[in-house]
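Here is the structure we will look at.
Nothing in this text is a laboratory measurement; each read-out follows from the coordinates by a stated rule. Computed from a predicted structure; not experimentally measured. All Cβ positions, glycine included, derive from the backbone under ideal geometry; neighbour counts span all protein chains shown.
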Amino acid sequence: MAESNSFKHTLIVRALSGTALVAVMLTMLYLGGWWWHGFAAFIALGSLWEFCRMAPGVPRADVFAAFVTAAIVLFSSEHVSQAGLMAIFGLCCFFAYFVELARRQITADSHSNASVGPVMTGLIYTIVPWYCMIRFRALPDPVGWAAVLSIFLCTWSCDVAAYLVGSRWGTLRICPHISPNKSLEGFVGGFFASTLCGALCAWYFGFSPWAFVLTGAACGSAGQLGDLVESLIKRENGVKDSGHILPGHGGFLDRFDSVLVNSLCAWLIWWVCLL
């Protein structure tokens, strides 16, 4: 009985916190401008913090350099060119190596392979996708609003369909050593649901269907792999959740793991098709 009450309480907390997060996110997305910019930057920096916290042995100076780099990229995203973005990331990489250079000179010991890699991976993994989302929303409406909203709608439809189909008909486990509950049937169900959602978004917004349908297909395939990637990171670092900021859900990375790769795929698709 106590276990049943605990499960119900967890389910209620999860539903309430998830609803609140979606409501805030959609409000910020609708308002656009600095409302969305600030919200996306907050999630991105929180995700970077969770990633660095899971990576063992990264020096604080390197983490500080990663956060300075992330803040510069995120809060000047509308004014930073692709070349400027690469230059900023490159300087951060060299700064992390400079820290290890000083450590080696002072202590005769260094850990560049163990510290520089996680710093650069964290920036690419958590900051670049949200940078793309900020740039997406900065496009003239209704393109900016529709592009970002479609990413989330396709991602959510994929998650729901994959869970429902996998729970009902799932038998073939695709990654039992990473996520034992993921099934091939759920993967296929999520893919078709996301692709259909992309087509419905194109019909609703009145755009050419190619960008939306391809975005839906990407969210239904790469997005599910992105979920597995975050599970892999957590398993290798021996943690259950990336954080605890969202009651019943875990951290930002736990909630937006699929969105990270989906936003990158969508940016490339829209750039090829429309931009």
| task | Set Lys and Arg Cβ to +1 and Asp and Glu Cβ to -1, take the dipole of the chain about its Cα centre, and tell me which of Gly90, Thr19, Pro180 lies farthest positive. | result | Pro180
| task | With N set to the residue count of the stretch 67-205, report its C-alpha Rg divided by 2.2 N^0.38 Å to two decimal places. | result | 1.46
| field | Of the trypsin sites (Lys or Arg not before Pro) in the stretch 228-275, those whose Cβ has at most 15 other Cβ within 10 Å and which sit in DSSP loop | value | Lys240
| field | Helical segments meeting 18 Å axial Cα length and Kyte-Doolittle -0.5 threshold in the chain (DSSP H) | value | 2-31, 33-54, 60-75, 82-107, 143-169, 184-205, 209-237, 252-273
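Suppose only helical runs count, i.e. DSSP H with n ≥ 4. What mean residue ellipticity at 222 nm does that imply for the chain under -39500 (n - 2.57) per run, divided by all residues and rounded to the nearest 500 deg cm²/dmol? Display every interim value, and only then the final one.
Working: 10 runs with 215 residues, N = 275.
When only DSSP H runs of four or more count, the value is -27000 deg cm²/dmol.
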| field | At most 11 other Cβ within 10 Å, DSSP loop - GluC sites (Glu not before Pro), the stretch 43-130 | value | Glu78
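Want the number for Leu225 to Arg60: 0.36 nm per residue separation, take away the alpha-carbon distance, what's left?
56.3 nm
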| field | Charge dipole magnitude, Cβ of K and R +1, D and E -1 - the stretch 140-275, Cα centre, debye nearest 20 | value | 260 debye
